[in-house]
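These notes are about the structure you will find just below.
The values are calculated or read from the model by the stated rules, or taken from the named source; none is laboratory data. The structure displayed is predicted, hence computed values, not measured ones. Here the Cβ positions follow ideal geometry from the backbone for every residue, glycine too, while neighbour counts run over all protein chains shown. SASA here: full protein model, heavy atoms, side chains in, ligands and nucleic acids out. Shrake-Rupley method; radii C 1.70, N 1.55, O 1.52, S 1.80 Å.
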Amino acid sequence: MVNLHINGTPVTVPEGATILEAAAAAGIQIPHLCYLKEINEIGACRICCVQVEGEKNLITSCNNVVREGMQVYTNTPRVRLARRTNLALILSQHNCKCALCVRNGNCQLQQLANDAGVLENPFPEDLPSEKQCQWDQHFPLYRDTAKCIKCMRCIQICDKVQGLNVWDLAATGGRTRVDVSHNRVISEADCSACGQCITHCPV
Ligand code: FES
């Protein structure tokens, strides 16, 4: 077992537990967005960042394991600022017309932004082009590229649970986006329209 303190509260958890799991065991909720236990632990969104005594940089709590004697802080001004900045960066690449969105009221990004008090965005809007957003409207599954936050949950759930590998990353650098794998259109992929990607999409 590993002993540590989270926000001053002593916690004992099994070796190999993440900071996020240790906090949950102590009744402390750390906001998170891209994380899906044992499916997506890639630290993409950095919403779950925490401060650890002796560490220069903030670290992600969803994919860093506990160490003996660790002193973790989940809600310092530095952590709150980093969380708000990360949320604003994600929102700058997300179509924020929430009132017109089918996921309005059922969106983790919307909820986290509300909880963190993100009411304005200092970053310029950077949405994908119309061409990148093209989609076969006749296919029973509809994907809106302008809403995608690139958390990779859909890719991982389709690969690791359904074994269909329908999704993958496309393009490089700042233009990287999630799209149908192997440069196919959705009607050419082996999509069974199971809906797992939709169910696990946070937005
Ligand atoms: Fe930890 Fe996204 S939830 S980095």
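Axis of helix 77-92 versus longest Cα principal axis of the chain: the two differ by about 0°, to the nearest ten degrees.
Tell me, rounded to the nearest percent, the portion of alpha carbon pairs in segment 1-91 spaced more than 19 Å apart. So the portion of pairs separated by more than 19 Å is 34 percent.
What's the local net charge at D126, with K and R +1, D and E -1, over the other residues with C-beta under 14 Å away? Display every interim value, and only then the final one.
Details: positive: K147, K150, R175, R177; negative: E125.
Result for the local shell: +3.
Using the Cβ of S61 as centre and a radius below 15 Å, the other residues enclosed give a net charge of +2, where K and R count +1 and D and E count -1. Backbone geometry of segment 196-203 corresponds, through the Karplus equation with coefficients 6.51, -1.76 and 1.60 at θ = phi - 60°, to 3J(HN,Hα) couplings of 4, 5, 5, 4, 9, 6, x, 10 Hz, x marking Gly and Pro. Sorting 79-85, 132-138 by their mean Cβ neighbour count within 10 Å, with the most densely packed peptide first, gives 79-85, 132-138. Per residue, the accessible area of the chain comes to 56 Å², computed with a 1.4 Å probe over protein heavy atoms only.
Please compute the net charge surrounding C201, taking Lys and Arg as +1 and Asp and Glu as -1 over other residues with Cβ under 12 Å from its Cβ.
+4
Classify segment 21-62: rounded, prolate or oblate, from the alpha-carbon gyration tensor (a ≥ b ≥ c, eigenvalue square roots; a/c under 1.5 rounded; otherwise prolate if a/b is larger than b/c)? Since a/c reaches 1.5 but b/c is at least a/b, the shape of segment 21-62 is classed as oblate.
Distance from the Cα centre of segment 148-194 to that of segment 50-109, in angstrom? Answer, in whole Å: 24.
For GluC sites (Glu not before Pro), the sites in segment 39-106 that DSSP calls loop and that have at most 15 other Cβ atoms within 10 Å are E53, E55, E68. Here the Gaussian network model covers the chain, with springs between Cα atoms less than 10 Å apart; of C49, C96, C34, C96 fluctuates the most.
For the chain, the percent of C-alpha pairs falling in each 5 Å distance bin, counted from 0 to the bin holding the largest distance, reads 1, 7, 14, 17, 17, 15, 12, 8, 5, 2, 1, 0.
Annotation for segment 105-203: GluC sites (Glu not before Pro) lying in DSSP loop with at most 13 further Cβ atoms inside 10 Å of their Cβ are E120, E125, E130. With all protein chains present, how much of the accessible area of the chain (probe radius 1.4 Å) comes from carbon and sulfur, to the nearest whole percent? Using a 1.4 Å probe with all protein chains present, the chain comes out at 50 percent carbon and sulfur.
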